[in-house]
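Below is one structure, written out as structure tokens; comments come after it.
The values are calculated or read from the model by the stated rules, or taken from the named source; none is laboratory data. Treat the numbers as computed from the prediction; the structure is a model and nothing was measured. Quick reminder, even Gly has a Cβ in these numbers, built from the backbone with ideal geometry, and neighbours come from all protein chains shown.
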Amino acid sequence: MKLHADTLTRAYGAVQALDGLSLQVDARVLVLIGPSGGGKSTFLRLCGGLDLATSGSLEINGTALGEDPAELLAWRRRNGFLFQQFNLFPHLTARRNITLPLEKVHGRSPEEAEEVARRCLERFGLQAHGDKLPAQMSGGQQQRAGLARAIAPGPEILLLDEPTSALDPEMTAEVLELIQELAAAGQHIILSTHEMGFARAVADQVAVIAEGKILESGLPAAVFGQPRAAFTQRFLAKVMRFT
Ligand SMILES: Nc1ncnc2c1ncn2[C@@H]1O[C@H](COP(=O)(O)OP(=O)(O)OP(=O)(O)O)[C@@H](O)[C@H]1O
Ligand SMILES: [Mg+2]
């Protein structure tokens, strides 16, 4: 994907969630890291067309994410999302969580949707769980089902906002493995995570976001190996201490 962000701002009242964020990306997998409250989720929402910048410009793969509601809606439909938690409709089975958007949002026939759901559930090791409600599945299974649903329509970009931060270590590993498989299969991904080892392994490009700005961005080996910004050095020293 190609992404150009130019002095993006997003204000919530007096809070500048993004404060002049500029970034150039030419990568398959972009990973956003940085301290809590730095602006990762806000930037991801803008990238997905779920929210609008207060000022500045953002263009991804030739689409300018501006104020035209029809264009934004079309952009949202082209992409897939998974957040930290509460991704599934709680009153629908895993299978129906996948087929419903395919039918209602993407205009697939019920038979087609059923077939896609079957393949996705199988791919993500959820064959035995298709008829379960989210509350009847483990957190890891729910996130895998959420990934299955996000992937089902064949998204141009998969946007993942801390998809494992609500999971225990074993389930985290399960979900990270799936994301790595998707990346290896060529899926374009923008991911925010606090899992630094994973960030380093899966990223083609890493961007460090703090106080609504990009502190540095580049190849994972460079950002993790020789961070240039003093802030990044301190941040990484802190979060990598026990890894
Ligand atoms: N809807 C909102 N209303 C008010 N303030 C918000 C809103 N969303 C985000 N903010 C503020 O914007 C700043 C950036 O938040 P954001 O959620 O983007 O950070 P983050 O990097 O995703 O943090 P975390 O790692 O904790 O998820 C924070 O100061 C946050 O409190
Ligand atoms: Mg966040």
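Some notes on this structure:
- Filtered residues of region 5-40 (kept if buried (at least 19 other Cβ atoms within 10 Å of the Cβ), outside any strand (DSSP E or B) and within 16 Å of ligand 2 (Cβ to nearest atom)): GLY34, GLY38, GLY39, LYS40
- Some residue of region 167-177 being buried (at least 23 other Cβ atoms within 10 Å of the Cβ) and under 12 Å from the mean Cα position of the chain (by Cα): no
- Evaluating ASP51 against the criteria (1) of a type outside the set (Ser, Thr, Tyr); (2) within 29 Å of PRO227 (Cα to Cα); (3) within 16 Å of ligand 1 (Cβ to nearest atom); (4) in the same structural domain as LEU219 (by TED's automatic domain parsing) leaves one unmet condition, (2).
- Among the residues of region 222-235, those that are surrounded by 16 or more Cβ atoms within 10 Å (Cβ to Cβ) and either under 20 Å from the mean Cα position of the chain (by Cα) or within 14 Å of ALA201 (Cα to Cα) (or both) comprise VAL223, PHE224.
So that you can scan it fast, the table gives a plain yes or no per residue for (1) outside any helix (DSSP H, G or I); (2) among the basic types (Lys, Arg); (3) surrounded by 18 or more Cβ atoms within 10 Å (Cβ to Cβ); (4) in contact with a strand residue (DSSP E or B) (Cβ under 9 Å, 6 or more places away or on another chain):
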{"residue": "GLY49", "(1), (2), (3), (4)": "yes, no, yes, yes"}
{"residue": "ALA53", "(1), (2), (3), (4)": "yes, no, yes, yes"}
{"residue": "LEU58", "(1), (2), (3), (4)": "yes, no, yes, yes"}
{"residue": "GLU67", "(1), (2), (3), (4)": "yes, no, no, no"}
{"residue": "ALA70", "(1), (2), (3), (4)": "no, no, no, no"}
{"residue": "ALA74", "(1), (2), (3), (4)": "no, no, no, yes"}
{"residue": "ARG77", "(1), (2), (3), (4)": "no, yes, no, no"}
{"residue": "PHE81", "(1), (2), (3), (4)": "yes, no, yes, yes"}
{"residue": "PHE86", "(1), (2), (3), (4)": "yes, no, no, no"}
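- Matching entry among ARG10, ARG28 (being under 21 Å from PHE83 (Cα atoms), in contact (Cβ under 8 Å) with a residue 24 or more places away in the chain and more than 18 Å from the chain's Cα centre (by Cα)): ARG10
- Residues of region 35-48 satisfying the condition of being more than 9 Å from LEU8 (Cβ to Cβ) and more than 6 Å from ligand 1 (Cβ to nearest atom): PRO35, LEU44, ARG45, CYS47, GLY48
- Residue within region 186-201 that is assigned to a loop (DSSP other than H, G, I, E, B), touching a strand residue (DSSP E or B) at 6+ places or on another chain (Cβ under 7 Å) and surrounded by 16 or more Cβ atoms within 10 Å (Cβ to Cβ) present: yes
- Residues in region 206-221 that are away from ligand 1 (no atom under 13 Å from the Cβ) and either part of a loop (DSSP other than H, G, I, E, B) or surrounded by fewer than 23 Cβ atoms within 10 Å (Cβ to Cβ) (or both): GLU216, SER217, GLY218, LEU219, PRO220, ALA221.
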